[in-house]
Amino acid sequence: MYVFIAILLCSFYGLYLGRKKSANLVTNKISQLHSTPIYHGYYIFLWCFFPSLIVFISWQVLDNYLIKSLVLNLVPGFETLDKANLSFIFEKIKIMSTHKTIDPFFYDEQLIPATKKYNWLTKVSDIALFTVTLSFLAIILVYLRNKIQMGFKARVKVEKFIKSILFACSVVAIFTTLGIVLSLLLESLKFFQSVPLFDFIFGTHWSPQIAIREDQVGSSGAFGSVPVLAGTLLITLIAMIVSIPVGLFSAIYLSDYAPTKIRSIAKPLLEILAGIPTVVYGFFAALTVGPFLRRFGESIGLNVVSESALAAGLVMGIMIIPFISSLSDDIINAVPQELKDGSYAMGATKSETMVHVTLPAALPGIVGSILLAVSRAIGETMIVVMAAGMSARLTANPFEAVTTVTVQIVTLLVGDQEFDNPKTLAAFALGLQLFLLTLFLNLFALKIVQKYREKYE
């Protein structure tokens, strides 16, 4: 922590140093410099902070590996222990080094020499890291300060550095996505070696409970994903029926029709919904909406269970209203005023301008906000668990209990699991199915936008 603070302080000092020296090179005519003083400061800051940060991170990684190797050599019977036991012992050594535990489970007299060596190595490593980092920063500061001259192209170098950082971030994002997809795909392939692909996709019975004994019910398990996927789509559909009209119409009203005073009050109040934790929505659905729908259904002769898809969908729709409303409002306000003025000049009313000019121009952004809301609804777990239950039932009746893909994924991966049986691997197959579903929705929305959007030159 202290090392990182030192890196920040030295980097900001480099920013000040670069600005000061470049400004001192000229007296009155700053145009004599190739770049403004601030770019000279940015140049020193960037080349101080990022290389030092790389040194710091690399040291931390190598330091932990080396200390672990040196400490574990003092453990009796080191050669005969496997990696799991060695990792557990090393954690015990770190706990003993704090001198704060009174649990005899973590105390072992045989580990006292290793603990003492761990403490000594840690202190030496911290001192060495601090010394090396400060020395490295001092060398960089002196070198970069001497490079600042009248014709030094600081702005060009800063822009190249920033472009490199942006490129690196893009590469990280791409490879992260590829890693997620490949992990899902590889684990799903293991699952499909035990369960046929068509049985998973088209199966209508979901009961992934593989029993220990053959005589137990459900010992073979059933992995038909149709009921789970149908429940996901049903709850998402109900949520969209609630959220899209309310969110879009509220955005239209706030952007073009609402007085400034009302907008200043209504917009923050509407966005408060986005800050409410999903567990609160779950309580609201389970304790208020669900019982209300059941009592209302009984009064008109309908059989509505307390844990129903309708209750989960309604509350989920309320939760994602701000995603559509806030984003659509900002997008509608981003439409050039010249387009609206041109429509008014042609004699169009405010409503006609909204329908024929503003909304077509804002269509890509509005579709994007709706897609974000759909993805949020598909990925929601807590509300479904508390309001719709965990029963995998193939039904289109919103008054019955259903479950979703995310709920089943959580259920399958809760607790200590072994990743060598179909029950656990089914979670990855469901995740892959959910990924393909959202990908298809995005491609479909892209086609819709390309077909109906209005382009203005």
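Computed from the coordinates by the stated procedures, all read-outs in this text should not be read as laboratory data. Just so you know, these numbers come straight off a predicted model, no measurement behind them. Every residue, glycine among them, receives a Cβ derived from its backbone with ideal geometry; neighbour counts consider all protein chains shown.
Data overview
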read-out: Per-residue Cβ neighbour rank within 10 angstrom, fewest leading, Phe191, Phe249; value: Phe249, Phe191
read-out: Rounded, prolate or oblate (a/c below 1.5 giving rounded, otherwise prolate when a/b exceeds b/c) for the range 298-350 by Cα gyration tensor; value: oblate
read-out: Förster radius 35 Å - calculated FRET efficiency between Trp120 and Val172 (Cβ-Cβ, nearest 0.05); value: 0.40
read-out: Residues whose placed amide H lies under 5 Å from that of Ala222, excluding near-sequence neighbours; value: Ser207, Gln209
read-out: Net length gained if the chain between Leu53 and Lys153 were fully extended (0.36 nm per residue, minus Cα distance); value: 33.6 nm
read-out: Ascending count of other beta-carbon atoms within 10 Å, so fewest first, for Trp206, Trp59, Trp120, Trp47; value: Trp120, Trp59, Trp47, Trp206
read-out: 5 angstrom amide H check on His34, placed H, neighbours 5+ away; value: Phe152
read-out: Order of Ser250, Ser135 - criterion: other Cβ atoms within 10 Å of each residue's Cβ, fewest first; value: Ser135, Ser250
read-out: Spin-label zone in the range 323-347 - amide nitrogen under 12 Å from a point set 7 Å from the Cα of Ala274 along the C-beta vector; value: 323-331
read-out: In Hz, Karplus ³J(HN,Hα) per residue of the range 304-312 (6.51, -1.76, 1.60; θ = phi - 60°; x = Gly, Pro); value: 10, 6, 5, 9, 10, 5, 5, 5, 5
read-out: Restraint check, Lys92/Lys116; Lys261/Lys340; Lys350/Lys447, Cα-Cα greater than 24 Å; value: Lys350/Lys447
read-out: Full-extension gain in nm, Ser391 to Lys447, via 0.36 nm per residue minus C-alpha separation; value: 16.6 nm
read-out: Cα gyration tensor shape for the chain, rounded if a/c is under 1.5, else prolate or oblate; value: oblate
read-out: Local electrostatic count, Leu15, Cβ distance below 13 Å [Lys/Arg +1, Asp/Glu -1]; value: +4
read-out: Over the chain, relative contact order from alpha-carbon pairs under 8 Å, at least 6 apart, %; value: 16
read-out: Full-extension gain in nm, Asp330 to Asn146, via 0.36 nm per residue minus C-alpha separation; value: 61.5 nm
read-out: Ala23 paired with Ile201, simple spin-label distance in nm, labels 7 Å along Cα-to-beta-carbon; value: 6.7
read-out: Ser135 paired with Val181, simple spin-label distance in nm, labels 7 Å along Cα-to-beta-carbon; value: 4.7
read-out: Interchain or long-range residues, amide H under 5 Å from Arg393's placed H; value: Thr403
read-out: Theoretical FRET efficiency, 1/(1+(r/R0)^6), r = Cβ-Cβ of Leu287 and Ile162, R0 60 Å, to 0.05; value: 0.70
